[in-house]
Amino acid sequence: MTIVVPRLGIPALLVLHLLPGVLTTLIFVLLAGSIESAGYPPLAAFLAAIAMGIVPLELGVVILAGRTAGGSELLAAVPYRRRAPRT
């Protein structure tokens, strides 16, 4: 089965490259003060920013790519989902 991948333009590539970092930074800045005042280290705010920013955004991109590729399954854009044969 051959999957045809459309080429993306420079603006789309820049958005896909920079948006996760910008979103994570924004969430971190908004959460850092309240999480630090609650007694947690700033790393907890960063981990929360990853969980609320990067993970949903990247899963959304994969699901959207699967739908635009014409797949009916949820993760149609991930072609290698079969278990590797044991040697």
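Numerical summary
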| read-out | value |
| --- | --- |
| Condition check for A48: in a helix (DSSP H, G or I) and closer than 27 Å to P79 by Cβ | no |
| Residue, modelled with the lowest pLDDT, within the stretch 6-16, restricted to residues that are in contact with a helix residue (DSSP H, G or I) (Cβ under 9 Å, 6 or more places away or on another chain) and of a type in the set (A, V, I, L, M) | L8 |
| Extreme residue, farthest from G21 (Cα to Cα), among residues of the stretch 31-43 that are among the hydrophobic types (A, V, I, L, M, F, W, C) and surrounded by 12 or more Cβ atoms within 10 Å (Cβ to Cβ) | I35 |
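To keep it simple, each residue is scored yes or no on (1) touching a residue at least 12 places away in the same chain (Cβ under 8 Å); (2) within 18 Å of the chain's Cα centre (by Cα).
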| position | (1), (2) |
| --- | --- |
| L13 | no, yes |
| L16 | yes, yes |
| P20 | yes, yes |
| F28 | yes, yes |
| S37 | no, no |
| L43 | no, no |
| I50 | yes, yes |
| G53 | yes, yes |
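Results for (1) touching a helix residue (DSSP H, G or I) at 6+ places or on another chain (Cβ under 9 Å); (2) of a type outside the set (K, R); (3) surrounded by 11 or more Cβ atoms within 10 Å (Cβ to Cβ); (4) modelled with pLDDT under 90, shown as yes or no for each residue.
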| residue | (1), (2), (3), (4) |
| --- | --- |
| A45 | yes, yes, yes, no |
| A49 | yes, yes, yes, no |
| G53 | yes, yes, yes, no |
| L59 | no, yes, yes, yes |
| V62 | no, yes, yes, yes |
| R67 | no, no, yes, yes |
| L74 | yes, yes, yes, yes |
| R81 | no, no, no, yes |
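The values are calculated or read from the model by the stated rules, or taken from the named source; none is laboratory data. Note that the structure is a prediction, hence the values are computed from the model and not measured. Positions of Cβ are backbone-derived with ideal geometry, glycine not excepted, and every protein chain shown enters the neighbour counts.
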